[in-house]
Structures are given as structure tokens and as C-alpha cells.
């Protein structure tokens, strides 16, 4: 177990090198994205940089997080566009009015944090929030695709903007499109390029850097026309980024003269909701991948973000938010304390001062394609597929919120989605309106303290997003490290957002040494196999095994193994394996257990679900893996088929400091396998000729040691019954070989 870095100035002194190195990578990503976000929001480009600097310097001084990075993010684009559209009175002061709304929203955030209402973000239905974010993605895409094509749509309608993007394709400026397409290809294939040179800079910086030669080649510095297939197109300085020579010239001040209008307060509430929800959700997502398992103080974080947002609004910046991409890069590059956030802010200040002449040579379409790519990911087919996999009703909530947002605004879309979810829950529970709310707020849910120090949390009635604050009051009474039994047997309906809350609590409590068991859902049914999906209680309903589960049960009966089909949320032991350090595991199920008695080696085969990617766009994967518990000390290593590195590990290994270990006497083995680990001498001693020969003659699995056990899996899919039997045979032969080696 790694030692948790110290806090405060002692942490600054001890970890400044690692934090500074990480901040360099983060700032190189933040520079183009901050400029692009501001441009996409209809704000001056420098307002994005000002926010990033403030998010780094000011937020660090008072925050509840440990390793997250703060600044402007894609979520603020739609709310700033909304504010500008609502308060544009023709005086040229629209953005100044929005700055006033930013200041007020920041002040309210501080108040919410002081009142310890950080948990308010949990009451918003998860599918509704995802629908809102998908709408934001479409808004970003619809606005920025025209910049990337060199076209323009005058329509205030987002849907019409999308239609115009297709209609105006014949009018697209090919000299702009060429630059945008090169940038898009870089974003798509950067992670797949093996040449180390291309990984010196992050993908967004390559998009910016490689756009500049095109600017010189097409001479965007002078207004003129270029011919393409006999048709003339205008190019010139208007296609380039326009930023002041002096950063002080970028300072703008808020105008509070519209504070008594409905448009002003609509903007304030929209900014408040979007930034608070996204920041708090991302804070929890970052906690999951923090290598030191630290937890964010959500109320303190809300105060820090609110204070920074107020400062940003006062000098012309965008709202501050916790940013998932930059935070993930921060962690992967070895940051240890909150001071890395301050370093990236100071580096951004240095970069924009030094690089201003270069940045003015960057075409606007290069920034636009960064946002087009981001917008598409927020509303890609994969997002729809993931929501649908969670239940048909979740897709309805998701699409309804998205469509309503696109045709109205963010606030109406959010409220409409929540009302739809609430009405649907009411119909599914088949109770009257008064009874529905009574079953949420006066259900009789209670917490019982047992004589052995454990707790029973009995949840009754309707358990949906409206009841999360109520159960949170009960949960806060349970001390860290205590064992908890959560019984849902007396619930009529359990919503997906409620399940999200319970599972997050389970993981938090498990991390403190406690054990949490969620039970009582055997008589509940769902429209999805997703374990967190909405569940309705049907009296006397019996849980039925699937055909695959029946085969596994028969295998267990035949071979005298133990089999359990139910979900087990306790997967903490898998976090010790490198692959799952940055891929949070949701759950395991269909667990098959046994022991190789003559070898004193126990094993477990289970289906596991894990997440990979960013908070709101994370992909969910299922795989079947085997864990061999050897009861002996072995070196820590990871072994993988060479060609699968890019698919499974991306660049995680490079950040970990692992080194590929080759065996000159066994060139075929070294070509076939990628073997990595820090203790090279121990690994070489462990991999004897017998072990190498065994692996060469067996099916190639991903195999990893945490020093006491091995985890083995094949592909990112669930194993068939015959593949499960092959797992067991493989594990037994390997255990036998290792047992002989250690005698």
C-alpha cells in the first residue's frame, strides 16, 4: 500500500517535482481546450484562459478535492450561449450581463457549500442528466461544425443549425475543411500511433501545432481568394484566432443591470445547476481513480469552486468546474497533491504570455474540430446504446430530456426530464399521487444498530431519486469501517439513481474496511439485465436463472464447486491488480469457486463489470476472469500478448514506469508476449525455462500478478461454459507448475 501524500505546504515541499511534471502535460491540454471552449460559448477567447488560470490558482487555495484539475469545461458552453441569447439587447453588453450571472451563481454555490448541501446533486435522475449532457454535446457540435466547415448558420434553432450543416456542405470552404479533417484524424488515431515522437505532446496540442503550417501554405494572413476545382473561396485573418497582445486587455467586468429580469435568473440557475452537478459528479469519478483512495469533501469543493467562479466572473472569465480529462491526465502523469492544479494554472499564464504571437497564427477551425469531436462523444451512438442497456425506460427519460432541451433550453429540459421520470415511477409503482410521496418521505425506512457493531439499513416504500437525501441522513449515522446490511425487500420500486447512490456508498464503506451487503431484490423485476436498473417489486416473483447460469450451476454440481449467481459488489481485492487501478470495477456475479486441494491453491471465476473512460462518457465492459490465490509470494508483473497492448492498456503502462522485459535466450517468447514489471531481476528469476515453455504452449491470456495472486482473462467478453472449463484446466496446470517451482 502506497503512503498517502501529506497535505498542505508539507505536501507541496515533498511532491513538487511530480506535481510540476504532471502539470506540464495538463497545461498543454488545457491551453487549446480553454480557448476553444470560450470561442464555442460565444465569449472572447481569452475568457477561457482566464478561467483556467483562476481555476488553477484560486481554487487550489480552498478546495475539497485532492488531485482534480479545475477550469472551464464543455458543460459551460451551452449555458453561456443560453445567457448571451436571453440577455442580448443590442447594446453589445450581452456577455457582461452573463458575467454578472456567473458571479451570482458562484455566490449561491458558496452558500450551498456552507449549508452542506453538496449532496443536492445526487437527487437529479442520472438518465435525465445524461440526456442533458447529450443535448449539450449536440449544441456544441451544431455550432462548431460550421466553423470547422467555413460555413455559417444564422438560425437560433440548434436543430436548424444541424440541418444547415448538411445543406451547406457544397458551400464549405475546402481550405478550412482540410485543416479540420487533419485535426480530426489526429484526434481519432493519436492513441494508436506507436511512434514515441507523437506522444511528446497531447493530441489537442498536435491539432493546434499541425494547423499552423497550413495557415502559412494557404496564407491566411492576407485577405484573398483561392481557387479549388475552378471555384473561388475567400481566406484571410478573420479565420484566425484573435487575442490581445496584453493579457490585461482581456479583462472584462460584469454588468448587473439585468438582475431584476427573468432572463438573468434563468441564466443564473442554469449555470448553477450544470456546473454544480458536473463538478460534484466528476469529483466522485476522480476519487475512484485516485491511486491513494482519498475522498473529496463535496461541500468544501463546492465552496472553492463557487469562490473561483465569482472571481472569474468579476474579471471576464467563464464558470469554474472540475474537468475530467485534465484530472485524468494529471493522475496518469503522477500528480500527488492539489498543488499540481496550481502549477497548471501558473504554467497557462506563462504559456499564454510567451505563446501569444504563435496562438494568433492558429485557425479557428482547429479549435472548432476539438469541440466537434467532444460534442460528438457526448451524444454518440455508443451513449444511446449504453443508456438503452440500462433499461428501456432510461432511454425514454434520456431522449425526452435531450429533445426538450434542444427545443427549449437547459433549465426546461432538466425540469421536464425530472417530471417525466417522476410520473413514470408513479405509474410503474401503481399508487396514487399522495401515496407515492408518502412512500418516499414517510416510508418507515430505518437504521438498526446490532450488538456486534454492525448496522441494518432497512429501506421501504419508493426508493427513487427524490428519496436520496432522506437515506443520506441515515447513512451519515453509520461510522466508517462498520459492516452494513442494506435490505430492500420492502420496497415497491428502486430507481437507477438510488441504486447508484447505494453502490457508491458500498464502495466508499468497503474502502474504509467495512463490508456492505445489498439484499432483498429477489422479488423485483427489471426491463434490463443491468444490475443497477430500475426495479419493481412483483409479489411472489421468483428469480430465474438464465440458460448460461443453469449451465454454470450444473457444472458446479457436477464438479462440487461453489456457485453463486447473485451480484456481489465487494470487488476490492481486484483493485490491487494494475489493469483495474484506473478501470473502476462495478460488480462481480456468476461466481464459481473451488480449490485445487493437493496444491493448496483456491480459485474463483467470475463475470465482472468495469468502466473505462471519462465520467459521463465512460464505457462499460464485461469480462470473465479467474483469480488464483497462491498463498505464496511471487513477483509483481503483467503479461500480455504484444498486439493487444494498444487495445487494452492504451498508455497506462507508460505512465506506470513499467519496462518491457525480454529474454534473449527465448526470442519467440519475447516476441509473443509483452512482460512488464518494476522488479526486473526478480521477474527474470521467476520466469524459468519450464514456465516460459508452459506459456508458449498454452493459449495466450492476459495474466497479472499482485504479489500473492494471479488474475487471468482472455477477451473483453463473457466466457462460454467450455471456456470456463478451459480456465479451470489452465489454472490448475499453472498452479501445479508454480507449486513445483516453490517447493
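The values are calculated or read from the model by the stated rules, or taken from the named source; none is laboratory data. What you see is a predicted model, and the numbers here were worked out from it, not measured in a lab. We place every Cβ from the backbone using ideal geometry, glycine too, and count neighbours over all the protein chains shown.
Here is a check on your reading of the model: is residue 144 modelled with pLDDT of 95 or more, surrounded by fewer than 16 Cβ atoms within 10 Å (Cβ to Cβ) and assigned by TED's automatic domain parsing to the domain that holds residue 82? Write out each step before concluding.
Working: modelled with pLDDT of 95 or more: yes; surrounded by fewer than 16 Cβ atoms within 10 Å (Cβ to Cβ): no; assigned by TED's automatic domain parsing to the domain that holds residue 82: yes.
No.
Could you check segment 90-107 and list, in sequence order, the residues that are free of Cβ contacts under 8 Å to residues at least 24 places away in the same chain and farther than 19 Å from residue 251 by Cβ?
Start the filter on segment 90-107 by keeping residues that are free of Cβ contacts under 8 Å to residues at least 24 places away in the same chain, which leaves 90-92, 94.
Across segment 90-107, the qualifying residues are 90, 91.
Hey, does segment 36-43 have a residue that's more than 23 Å from the chain's Cα centre (by Cα), crowded, with 20+ Cβ neighbours inside 10 Å, assigned by TED's automatic domain parsing to the domain that holds residue 202 and part of a loop (DSSP other than H, G, I, E, B)?
Kept after step one, since they are more than 23 Å from the chain's Cα centre (by Cα), are these residues of segment 36-43: 39, 42-43.
Right, trim to crowded, with 20+ Cβ neighbours inside 10 Å and you get 39, 43.
Then drop every residue that is not assigned by TED's automatic domain parsing to the domain that holds residue 202, which leaves 39, 43.
Filter again for part of a loop (DSSP other than H, G, I, E, B), leaving 43.
Yes, segment 36-43 has at least one match.
Here are some residues: 169, 138. Which one is closer than 26 Å to residue 387 by Cα, in contact (Cβ under 8 Å) with a residue 12 or more places away in the chain and not assigned by TED's automatic domain parsing to the domain that holds residue 410?
Values: 169 fails: closer than 26 Å to residue 387 by Cα.
After ruling out the rest, the residue left standing is 138.
Can you pull out the residues in segment 620-654 that are under 30 Å from residue 533 (Cβ atoms) and modelled with pLDDT of 65 or more?
Result: 620, 621, 622, 623, 624, 625, 626, 627.
Of the residues that make up segment 135-154, is at least one touching a strand residue (DSSP E or B) at 6+ places or on another chain (Cβ under 7 Å) and part of a loop (DSSP other than H, G, I, E, B)? Steps first, please.
In the first step, residues of segment 135-154 are kept if they are touching a strand residue (DSSP E or B) at 6+ places or on another chain (Cβ under 7 Å); the result is none.
Checking segment 135-154: not a single residue is touching a strand residue (DSSP E or B) at 6+ places or on another chain (Cβ under 7 Å) and part of a loop (DSSP other than H, G, I, E, B).
Out of (1) buried (at least 18 other Cβ atoms within 10 Å of the Cβ); (2) touching a helix residue (DSSP H, G or I) at 6+ places or on another chain (Cβ under 7 Å), what's the single condition that is false for residue 425?
Result: residue 425 passes all but (2).
Of everything in segment 123-138 that's surrounded by fewer than 24 Cβ atoms within 10 Å (Cβ to Cβ) and farther than 11 Å from residue 401 by Cβ, which residue is modelled with the lowest pLDDT? Spell out how you get there, then give the answer.
Looking only at segment 123-138, we keep the residues that are surrounded by fewer than 24 Cβ atoms within 10 Å (Cβ to Cβ), and these are 123-124, 138.
Filter again for farther than 11 Å from residue 401 by Cβ, leaving 123, 138.
Working: 123: 83, 138: 96.
The qualifying residue modelled with the lowest pLDDT is 123.
Suppose the filter is under 24 Å from the mean Cα position of the chain (by Cα) and either at pLDDT 90 or above or assigned to a loop (DSSP other than H, G, I, E, B) (or both); does residue 162 pass it?
Details: under 24 Å from the mean Cα position of the chain (by Cα): no; either at pLDDT 90 or above or assigned to a loop (DSSP other than H, G, I, E, B) (or both): yes.
No.
Taking the stated definitions as given, is residue 693 surrounded by fewer than 16 Cβ atoms within 10 Å (Cβ to Cβ) and in contact (Cβ under 8 Å) with a residue 12 or more places away in the chain?
On the way: surrounded by fewer than 16 Cβ atoms within 10 Å (Cβ to Cβ): yes; in contact (Cβ under 8 Å) with a residue 12 or more places away in the chain: no.
Considered against the rule, which asks whether it is surrounded by fewer than 16 Cβ atoms within 10 Å (Cβ to Cβ) and in contact (Cβ under 8 Å) with a residue 12 or more places away in the chain, residue 693 comes out as no.
To keep it simple, each residue is scored yes or no on (1) surrounded by fewer than 18 Cβ atoms within 10 Å (Cβ to Cβ); (2) in a helix (DSSP H, G or I).
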| site | (1), (2) |
| --- | --- |
| 552 | no, yes |
| 574 | no, yes |
| 598 | yes, yes |
| 602 | yes, no |
| 609 | no, no |
| 620 | yes, no |
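Return yes when residue 127 is farther than 30 Å from residue 390 by Cβ and either more than 31 Å from the chain's Cα centre (by Cα) or in the same structural domain as residue 210 (by TED's automatic domain parsing) (or both) and no when it is not. Break it down stepwise before answering.
Values: farther than 30 Å from residue 390 by Cβ: no; either more than 31 Å from the chain's Cα centre (by Cα) or in the same structural domain as residue 210 (by TED's automatic domain parsing) (or both): yes.
In short, no.
What helices (runs of 4 or more DSSP H), lying completely within segment 285-396, carry at least 2 residues that are modelled with pLDDT of 95 or more, crowded, with 24+ Cβ neighbours inside 10 Å and assigned by TED's automatic domain parsing to the domain that holds residue 20? Break it down into steps so the answer makes sense when it comes.
Working: elements: 298-315, 324-332, 339-359, 364-378, 381-389.
Filter on segment 285-396 gives 298-315, 339-359, 364-378.
Of (1) touching a helix residue (DSSP H, G or I) at 6+ places or on another chain (Cβ under 7 Å); (2) in a loop (DSSP other than H, G, I, E, B); (3) free of Cβ contacts under 8 Å to residues at least 12 places away in the same chain, residue 431 satisfies all except one. Which?
So the condition that residue 431 fails would be (3).
How about segment 192-201: which of its residues are part of a helix (DSSP H, G or I) and exposed (fewer than 13 other Cβ atoms within 10 Å of the Cβ)? Before the answer, list the steps.
The initial filter retains those residues of segment 192-201 that are part of a helix (DSSP H, G or I), namely 192, 196-199.
Answer for segment 192-201, where residues must be part of a helix (DSSP H, G or I) and exposed (fewer than 13 other Cβ atoms within 10 Å of the Cβ): 192, 196, 197.
Name, by its number, the condition in (1) modelled with pLDDT of 90 or more; (2) closer than 18 Å to residue 568 by Cα; (3) touching a strand residue (DSSP E or B) at 6+ places or on another chain (Cβ under 7 Å); (4) buried (at least 19 other Cβ atoms within 10 Å of the Cβ) that does not hold for residue 524.
Among (1) modelled with pLDDT of 90 or more; (2) closer than 18 Å to residue 568 by Cα; (3) touching a strand residue (DSSP E or B) at 6+ places or on another chain (Cβ under 7 Å); (4) buried (at least 19 other Cβ atoms within 10 Å of the Cβ), residue 524 violates only (1).
I'd like to verify a number: residues in segment 473-498 that are part of a helix (DSSP H, G or I) and surrounded by 15 or more Cβ atoms within 10 Å (Cβ to Cβ), how many?
At the first step, the residues of segment 473-498 found to be part of a helix (DSSP H, G or I) are 473-475, 496-498.
From what is left, the residues that are surrounded by 15 or more Cβ atoms within 10 Å (Cβ to Cβ) are 474-475, 496-498.
Selection size over segment 473-498: 5.
Every residue, every condition in (1) over 22 Å from residue 353 (Cα atoms); (2) assigned to a helix (DSSP H, G or I), yes or no:
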| residue | (1), (2) |
| --- | --- |
| 5 | yes, no |
| 20 | no, yes |
| 24 | no, yes |
| 32 | no, yes |
| 51 | no, yes |
| 56 | no, yes |
| 63 | yes, no |
| 70 | no, no |
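So residue 505 passes all but one of these: (1) modelled with pLDDT of 90 or more; (2) touching a strand residue (DSSP E or B) at 6+ places or on another chain (Cβ under 6 Å). Which condition number does it fail?
It fails just one condition, (2).
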